[in-house]
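Contents: one structure, followed by commentary.
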Amino acid sequence: MREVKGCGMRSVVGFLSQRKINGHPLMKEEFQRRRLAGCSSLYRKDMLGHFGCVNAIEFSNNGGEWLVSGGDDRRVLLWHMEKAIHSRAKPLKLKGEHLSNIFCLAFDSTNKRVFSGGNDEQVILHDVERGETLNVFLHDDSVYGLSVSPVNDNVFASSSDDGRVLIWDTREPPNGEPFCLANYPSAFHSVMFNPVEPRLLATANSKEGVGLWDIRKPRSSLLRYGGNLSLQSAMSVRFNSTGTQLLALRRRLPPVLYELHSRLPSFQFDNQGYFNSCTMKSCCFAGDRDQYILSGSDDFNLYMWRIPKDPEAGEWSAYTPDCTPDSTPASTLFRSDRDGKGPEDWSKHFLLYFCFLTVLH
């Protein structure tokens, strides 16, 4: 595609004009990339529906037509994104309700089923179309993470406060015993299947850090990330869409990026105001090429970093001088305005532009 100079591809009018003239099928992706690269803030809209803190959101696969959310009000809400953006359409409340806080959610690949887990020591399987509960999978402790196999919608993994990562098959009887992939004395806060190599899973543990596991070799990790600092408290881990990189979030430390088979980090992302000590947080890739990473901070900001293309090609010289040579500064996209609102008010909604960045992934 011929490169469009200037700001014509940053405005909607410029994009429509260029599309009419050139008609290139990849122009939409280029427009999105330029908008993200050139903006200091993004469109936002409050999505009101919950009665308590929102702890988990997940977009549906293949375009993000739907979004599911859950939190301290114990309800799982399903949002149609186009209607939520352009009207005041209410979300659909799925009939299955938890007994305590919801911590994690996941769609299957067809977007016909949603998994939800939380503090009530169970995972509920919901039917999206009918809103009905299809099954309940009991655990021994709180469930912090969920991931559905990329090749089999009947198989999902759960990470729990009891220090276990379990692999479940929804076709098995509810009282059946799941396959135990990992068993540590400390809690697993996150788990994710590799989207390309489904035999591999990544985990984040509260004391053992970030690990890579092979389902064919249970109870023993293939790789512990972090080098000499592998024994760190980790709270979130995500694969990129090609399964070649892992993004991890560690307590009291900034986000860090690893190549799949390297225990040493490729990049560490930091900012003067970024801090993650007080609450549990997550991280994710964003952009149509996974060229950004995002994480929330204790200062109520959402931080976004661009991943450098080549650390040996002088990339670091483009960044601000007050950052360490192996840390990438961030753009602050959003500050949560809590003025005049109590904590039980401002936390009852979430912001669409955080969702927008996630759905680009």
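Report note on the peptides 85-92, 241-248, 211-218: ranked by the mean count of other C-beta atoms within 10 Å, highest first, their order is 241-248, 211-218, 85-92. Net length available on complete extension from Asp141 to Ser100 is 13.5 nm, with 0.36 nm assigned per residue and the Cα-Cα distance removed. The heavy atoms of Asp288 offer some 60 square angstrom of accessible surface to a 1.4 angstrom probe. A cut-off of 5 Å between modelled amide H atoms, ignoring neighbours fewer than 5 places along the same chain, links Leu223 with Leu212. Rounded to the nearest 0.05, the FRET efficiency derived from the C-beta distance between Lys93 and Leu231 at R0 = 41 Å is 0.45.
For the stretch 200-271, the relative contact order comes to 24 percent (Cα pairs under 8 Å, sequence separation of at least 6). Using the Cβ-Cβ distance between Asp127 and Lys45 with R0 set to 22 Å, the FRET efficiency from 1/(1 + (r/R0)^6) comes to roughly 0.20. Considering only alpha-carbon pairs that sit under 8 angstrom and 6 or more positions apart, the relative contact order computed for the stretch 129-185 is 26 percent.
Gain on full extension, evaluated as 0.36 nm per residue between Val151 and Asp288 minus their Cα-Cα distance, stands at 47.1 nm. For the set Lys45/Lys309; Lys281/Lys309; Lys95/Lys281; Lys45/Lys95; Lys93/Lys217, the pairs lying more than 30 angstrom apart at their alpha carbons are Lys45/Lys309; Lys93/Lys217.
Relative contact order of the stretch 102-209, please, whole-number percent, based on alpha carbon pairs below 8 angstrom and at least 6 residues apart. Walk me through the numbers before you get to the answer.
Values: 277 pairs, mean separation 20.1, N = 108.
Relative contact order comes out at 19 percent.
Taking a point 7 Å out from the Cα of His261 in the direction of its Cβ, the residues of the stretch 178-199 whose backbone N falls within less than 15 Å of it are 197. Ignoring ligands, DNA and RNA, please state the percent of accessible area on the stretch 80-130 from carbon and sulfur, probe 1.4 Å. After summing per-atom areas, the C and S share lands at 47 percent.
Under 20 Å from the 7 Å Cα→Cβ point of Ile85, by amide nitrogen: which residues of the stretch 61-76? The answer is 61-69, whose backbone nitrogens lie closer than 20 Å to the label point.
Here's the picture: a label point sits 7 Å out from the Cα of Ile215 along the beta-carbon direction, and within the stretch 128-148 the residues with their amide nitrogen under 18 Å of it are 145-148.
Other residues with beta-carbon under 13 Å from the beta-carbon of Thr242 carry, at +1 per Lys or Arg and -1 per Asp or Glu, a net charge of -2.
The values are calculated or read from the model by the stated rules, or taken from the named source; none is laboratory data. Note that this is a predicted model, so its numbers are computed, not measured. Using ideal geometry, Cβ is built from the backbone for each residue, glycine included, and neighbour counts are taken over all protein chains shown. Remember, those area values only see protein heavy atoms, side chains included, never the ligands or the DNA or RNA. Shrake-Rupley method; radii C 1.70, N 1.55, O 1.52, S 1.80 Å.
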